[in-house]
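To start, the structure itself, in structure tokens.
Please treat every number below as a calculation from the coordinates, not as lab data. Predicted model, so just to flag it, every value in this text is computed and none were measured. Every residue, glycine among them, receives a Cβ derived from its backbone with ideal geometry; neighbour counts consider all protein chains shown.
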Protein chains: 2
Amino acid sequence: MPDSLSTETAAPNLPRLRGFIADLTRLVERHGDDEAAVLDAGRGLLAGLIAVDDWLPDAYARPDPVHYRQYLLHCDPYERFSVVSFVWGPGQRTPIHDHTVWGLVGVLRGAERSQRYDLQPQEGPLLAHPPEILNTGSVEAVSPRIGDVHAIANALADRPSISIHVYGGNIGAIRRSMFDPLTGRRKPFISGYANAALPNLWDRSQPVHHAA
Amino acid sequence: MPDSLSTETAAPNLPRLRGFIADLTRLVERHGDDEAAVLDAGRGLLAGLIAVDDWLPDAYARPDPVHYRQYLLHCDPYERFSVVSFVWGPGQRTPIHDHTVWGLVGVLRGAERSQRYDLQPQEGPLLAHPPEILNTGSVEAVSPRIGDVHAIANALADRPSISIHVYGGNIGAIRRSMFDPLTGRRKPFISGYANAALPNLWDRSQPVHHAA
Ligand SMILES: [Fe+3]
Ligand SMILES: [Fe+3]
Ligand SMILES: [Mg+2]
């Protein structure tokens, strides 16, 4: 097999994702009980991951014609955190929802519109914050402590947008809520994942062969 | 979607594999520096995993017509250990090889023939131990400390055999050796893996929905 430089090949740069996962594992191991510390350092790690768009395999970047998709990329073996690729086609959006755990949203490709909401003390209409545009490279945080209810939409009308999300749990398995903005009424949901298979990040036989 | 008991469905029992991975992670975290302790407790965990053949997804149980296959099921985020499904068709065997890290081999389906070897102090013919038959449910250990050179073959002429292996590293990425039994000469190799995608063990939306 001929040698090839990574800049000359379309193969995804999996070591970047592998390094991110090891760094996050260390962070959660050391500071998992301190949400502010995890969000602070995690924001920097996620910003580093999405600063270069060379590592996401195509299978986890494919939009669905109808609904946004969430592809699990990695779950911590103790389910302390998960890393998910969200792909929105033009016009696609999430319902208004919460997370119940901390979360970080980093835009890898395109742009997204984030709309945050506050719940009323009693059931009643949600209070909408001004919408924000998240451009490629930006990172947003959510959690029950700092504000946990939002909706995200693709801000682009002509192509998909992709963001990489990190959550303080196995987000696809968590019981959480969608909200009716007019009444504030909750509807329970569990999101699951779109993919039955994860990327194999661990076949380093090619790079190891090529190393000195 | 109709409710269904897990005994009535062909869906793989992924919680069994998920629990094994969490248990192994804990073991390596606590005793990773004590090989004898890891092999001792790991042997029990692996015996428990292979005691019931209801959890391996079909995609990781498929033989190749020509060569044995190794499918990565899980790699620790720090590459402290890996879990691999080895599938041998009739007549298929590994070359004589070493591991350089501890390993456990547990037979999930069928039967395997294990042939151990000792190296000579100087280069020279390998010294063969008596071959052993590993039946379904049995577990064998290897390591540089207790004997690291062997070959494994399918012991059945009419159907595949499958064993689940655990290694003290990312085995597909480790530089190790194959041996010529007549001369004892080494040939370096890195095995890699047959699969570009791992099973998604973390989509618990169905069981979580069904829980009370
Ligand atoms: Fe969200
Ligand atoms: Fe072996
Ligand atoms: Mg620890």
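Dipole size of chain B about its Cα centre, with +1 on Lys/Arg Cβ and -1 on Asp/Glu Cβ: approximately 400 debye, rounded to the nearest 20.
Its Cα gyration tensor gives the stretch A:54-108 an equivalent ellipsoid. The semi-axes, each the square root of 5 times an eigenvalue, are 20, 16, 9 Å from largest down. In a DSSP loop and with at most 14 other Cβ atoms within 10 Å, the trypsin sites (Lys or Arg not before Pro) in the stretch B:86-189 are B:145, B:175, B:185.
Think of the protein assembly as shown as having a plus end and a minus end, set by charges on the Cβ of Lys, Arg, Asp and Glu; of B:154, B:202, A:168, B:154 sits farthest toward the positive end of this dipole.
Each of A:88, B:17, B:182 was scored by the projection of its Cα onto the charge dipole of the protein assembly as shown, and the greatest displacement toward the positive side belongs to A:88; charges sit on the C-beta of Lys, Arg, Asp and Glu.
Taking every C-alpha pair closer than 8 Å and separated by at least 6 residues, the mean separation divided by the residue count of the stretch B:4-189 gives a relative contact order of 24 percent. Per-residue shielding of B:166-177, expressed as the average number of other chain Cβ atoms within 10 Å of the residue Cβ, stands at 2. Seen against the Cα atoms of chain B and their longest principal axis, helix B:35-50 is set at about 50 degrees.
Hey, what angle do you get for helix A:14-31 against the long axis of chain A, alpha-carbon based, 0 to 90 degrees rounded to 10? Helix A:14-31 sits at roughly 50 degrees to that axis.
What separates the residue B:188 label point from its copies, with the point 7 Å along Cα to Cβ, is 5.7 nm, written shortest first.
Rounded to the nearest 20 debye, the dipole size of the stretch B:108-212 about its Cα centre is 220 debye, using +1 on the Cβ of Lys and Arg and -1 on the Cβ of Asp and Glu. Per the Cα gyration tensor, chain A maps to an equivalent ellipsoid with semi-axes of 32, 20, 15 Å, ordered largest to smallest.
Close amide H partners of residue B:109, meaning residues 5 or more places away or on another chain with modelled amide H under 5 Å apart, are B:162. Extension gain, residue A:43 to residue A:189: 0.36 nm times the residue separation minus the Cα-Cα distance gives 49.9 nm. In this simple spin-label model, placing a label point 7 Å from the Cα along the Cα-to-Cβ direction at both residue B:58 and residue A:59 gives a separation of 1.7 nm. For residue A:88, the shell of other residues with beta-carbons less than 11 Å away shows a net charge of +3, using +1 for Lys and Arg and -1 for Asp and Glu. Once every Cα of the protein assembly as shown carries one equal point scatterer and solvent is ignored, give the base-10 log of I(q)/I(0) from the Debye formula at q = 0.12, 0.13 Å⁻¹, two decimals. With one equal scatterer per Cα and no solvent, log10 I(q)/I(0) is -1.04, -1.17.
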